[in-house]
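Shown below is the structure under consideration.
The values are calculated or read from the model by the stated rules, or taken from the named source; none is laboratory data. Here the structure is a predicted model, which means the values were calculated and not measured. So basically every Cβ, Gly included, is an ideal-geometry build from the backbone, and we count neighbours across all protein chains shown.
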Amino acid sequence: MPADRITIGRFSSLTYLSQKALRLYDSRGILVPGGKDRFTGYRYYTVGQIEEALKIRMLCTLGFGLAPIATILSALSAGDDETVQRLIDQRHQETTREIGRLEKIRSLLVERRDFAELFAMNVSEPVIKEVPALRVFSGRRTGTYESVCSEVSEALFAILFSPANQKNGVTITGPCMSLCYDEEYRETDADIEMAVPVHGPVTSDDPSYTVRTLPAARVISVVYRGPYEHDGFSVAFENAFRFAADKGLETDGPDRQIYLTNPDETPAEDLLTEIQIPVKR
């Protein structure tokens with residue numbers, strides 16, 4: 001057999017890639033054998049493909065998926081350094097976030113708290129309080145929770161800090177908040193209103209953003225400390241609803257989440273969010 005006609009088994013041993021992986025790369029067009037026997041269907045690779053296989057193995061080690069690997073290999077062949085660097089930077093950011101998540105898990109395990117402590121340590125005891133009526137500038141959308149909160153809040157602040165509104169003396173009088181109008185968890189079409197307490201005559205060219213008054217309410221209040229993640233909020237809501245059940249209270253209206261700290265200036269583990277569950281008087 002010619003030296004430049006390497007069987008899949010031999011190629012596997014040379015590159016430390018399993019035959020199963022090589023067949024997958026072939027089917028995805030990432031590493032197609034240099035030739036195939038038209039009678040037996042056997043795959044044969046070339047010596048020049050060893051370097052390509054080693055690149056794939058390294059990219060897999062770095063945690064890249066098949067689609068990014070294909071894009072990187074194509075960009076390398078085309079001399080598109082910008083695309084390669086963009087994907088590397090993206091993977092670096094993902095890795096940094098994952099390291100932060102694992103560090104948090106490690107610190108919790110080292111402290112050896114029991115499960116009850118682990119779930120309760122970042123949530124305050126529920127209290128009942130009266131919330132006065134509040135004048136807010138708000139916008140309401142449907143979508144994923146993350147996208148609505150991010151996009152609508154950015155739009156609200158852009159309008160409030162526009163030259164016209166700053167000239168009118170518009171000021172923000174409290175932390176940003178969200179109101180959730182769904183009675184169940186919605187994955188992609190959550191009904192959410194973002195609101196910012198304001199003073200002064202707000203003008204906006206977009207009619208979907210308006211000034212309104214949130215009614216006064218009696219609420220169960222719980223403060224959660226930690227990142228904006230479902231698990232942490234779930235514990236806070238569980239404490240609030242258990243408190244309502246123990247006290248015989250009936251919920252009344254959309255729950256509110258008050259973002260007490262600025263996520264651009266505060267580490268994720270130190271973010272403070274107040275959960276408010278309105279209840280009937």
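Out of contact with any helix residue (DSSP H, G or I) (no Cβ under 8 Å at 6 or more places or on another chain) and on the phi < 0 side of the Ramachandran plot: does that describe Ser162? Please lay out each step first, then the result.
Details: out of contact with any helix residue (DSSP H, G or I) (no Cβ under 8 Å at 6 or more places or on another chain): yes; on the phi < 0 side of the Ramachandran plot: yes.
Yes: the conditions hold for Ser162.
Gly100 versus (1) under 30 Å from Glu269 (Cβ atoms); (2) of a type in the set (Gly, Ala, Ser); (3) touching a Lys or Arg at 6+ places or on another chain (Cβ under 8 Å): which is the lone unmet condition?
With (1) under 30 Å from Glu269 (Cβ atoms); (2) of a type in the set (Gly, Ala, Ser); (3) touching a Lys or Arg at 6+ places or on another chain (Cβ under 8 Å) applied to Gly100, the lone miss is (3).
Quick check on segment 229-245. Is at least one of its residues of a type outside the set (D, E, K, R), at pLDDT below 95, assigned by TED's automatic domain parsing to the domain that holds Pro175 and under 30 Å from Ser162 (Cα atoms)? Show your work before the answer.
Step one: list which residues in segment 229-245 are of a type outside the set (D, E, K, R), which gives 230, 232-237, 239-241, 243-245.
Cutting the leftovers down to at pLDDT below 95 gives us 230, 232-237, 239-241, 243-245.
Next, from what is left, pick out any that are assigned by TED's automatic domain parsing to the domain that holds Pro175: 230, 232-237, 239-241, 243-245.
If we keep only those that are under 30 Å from Ser162 (Cα atoms) too, we end up with none.
Within segment 229-245, none of the residues are of a type outside the set (D, E, K, R), at pLDDT below 95, assigned by TED's automatic domain parsing to the domain that holds Pro175 and under 30 Å from Ser162 (Cα atoms).
Still on this structure, please answer the following. Being among the β-branched types (Val, Ile, Thr) and surrounded by fewer than 18 Cβ atoms within 10 Å (Cβ to Cβ) is the filter here, so list the residues in segment 123-161 that pass it.
Of the residues in segment 123-161, the ones among the β-branched types (Val, Ile, Thr) are 123, 127-128, 131, 136, 142, 144, 148, 152, 159.
Residues satisfying the conditions are Val127, Ile128, Val131, Thr142, Thr144.
Follow-up. Quick one: count up the residues across segment 89-109 that are among the basic types (Lys, Arg) and at pLDDT 90 or above. Give the derivation first.
Initial filter on segment 89-109 (among the basic types (Lys, Arg)): 91, 97, 101, 104, 106.
Still in the running and at pLDDT 90 or above: 91.
So the answer is 1.
Looking at segment 179-215 only, could you name the residues that are farther than 30 Å from Ser234 by Cβ and of a type outside the set (Ser, Thr, Tyr)?
Val198, His199, Gly200, Pro201, Val202, Asp205, Asp206, Pro207, Val211 - these are the residues of segment 179-215 that are farther than 30 Å from Ser234 by Cβ and of a type outside the set (Ser, Thr, Tyr).
Pairs, please: C-beta under 7 Å, at least 6 apart or cross-chain, first residue acidic (Asp, Glu) and in segment 240-254, second part of a strand (DSSP E or B)?
Glu250/Val279; Asp252/Pro278; Asp252/Val279
From Ala78, Ala70, grab the single residue that is in contact (Cβ under 8 Å) with a residue 40 or more places away in the chain and over 30 Å from Glu269 (Cα atoms). Quick ask: steps written out before the conclusion?
On the way: Ala78 fails: in contact (Cβ under 8 Å) with a residue 40 or more places away in the chain.
Going through Ala78, Ala70 in turn, just one is in contact (Cβ under 8 Å) with a residue 40 or more places away in the chain and over 30 Å from Glu269 (Cα atoms): Ala70.
From the residues in segment 236-262 that are within 25 Å of the chain's Cα centre (by Cα) and part of a helix (DSSP H, G or I), which one is surrounded by the fewest Cβ atoms within 10 Å (Cβ to Cβ)? Write out each step before concluding.
Residues of segment 236-262 that are within 25 Å of the chain's Cα centre (by Cα), as a first pass: 236-240, 254-262.
If we keep only those that are part of a helix (DSSP H, G or I) too, we end up with 236-240.
Working: Ala236: 24, Phe237: 18, Glu238: 14, Asn239: 20, Ala240: 24.
So, considering only residues that are within 25 Å of the chain's Cα centre (by Cα) and part of a helix (DSSP H, G or I), the one surrounded by the fewest Cβ atoms within 10 Å (Cβ to Cβ) is Glu238.
Could you pull out every one of the helices (runs of 4 or more DSSP H) wholly within segment 115-203 that has 3 or more residues that are modelled with pLDDT of 90 or more, of a type in the set (A, V, I, L, M) and closer than 24 Å to Pro215 by Cα?
Values: elements: 115-120, 145-160, 163-167.
In segment 115-203, the matching helices (runs of 4 or more DSSP H) lie at 145-160.
Go through segment 217-239 and report how many residues are without any contact (Cβ under 8 Å) to a residue 24 or more places away in the chain and under 18 Å from Ala195 (Cα atoms). I'd like the intermediate steps shown before the answer.
Narrowing segment 217-239 to residues without any contact (Cβ under 8 Å) to a residue 24 or more places away in the chain: 229-231, 234, 238.
In the following step, the residues that additionally are under 18 Å from Ala195 (Cα atoms) were identified as none.
Matching residues across segment 217-239 total 0.
Here is a follow-up. Just name the residue that is surrounded by the fewest Cβ atoms within 10 Å (Cβ to Cβ) out of those in segment 199-221 that are farther than 28 Å from Val123 by Cβ and touching a Gly at 6+ places or on another chain (Cβ under 9 Å).
Just the residues of segment 199-221 that are farther than 28 Å from Val123 by Cβ, to begin with: 199-213.
Next, from what is left, pick out any that are touching a Gly at 6+ places or on another chain (Cβ under 9 Å): 199-201, 206, 208-210.
Values: His199: 12, Gly200: 17, Pro201: 11, Asp206: 9, Ser208: 11, Tyr209: 19, Thr210: 13.
Checking each candidate, the answer is Asp206.
Mind listing whichever residues of segment 263-275 are without any contact (Cβ under 8 Å) to a residue 60 or more places away in the chain and either assigned to a loop (DSSP other than H, G, I, E, B) or surrounded by fewer than 14 Cβ atoms within 10 Å (Cβ to Cβ) (or both)?
If we filter segment 263-275 for residues that are without any contact (Cβ under 8 Å) to a residue 60 or more places away in the chain, which is where we start, we get 263-267, 270-275.
If the condition is that a residue be without any contact (Cβ under 8 Å) to a residue 60 or more places away in the chain and either assigned to a loop (DSSP other than H, G, I, E, B) or surrounded by fewer than 14 Cβ atoms within 10 Å (Cβ to Cβ) (or both), then Pro263, Asp264, Glu265, Thr266, Pro267, Asp270, Leu271 are the ones that fit.
Next question. Can you say whether Thr171 is loosely packed, with under 14 Cβ neighbours inside 10 Å and touching a strand residue (DSSP E or B) at 6+ places or on another chain (Cβ under 6 Å), as far as the supplied structure shows?
Details: loosely packed, with under 14 Cβ neighbours inside 10 Å: yes; touching a strand residue (DSSP E or B) at 6+ places or on another chain (Cβ under 6 Å): yes.
So Thr171 fits the description; yes.
Please give the helices (runs of 4 or more DSSP H) falling wholly within segment 1-88 in which 2 or more residues are surrounded by 15 or more Cβ atoms within 10 Å (Cβ to Cβ) and at pLDDT below 90.
By residue number, 8-15.
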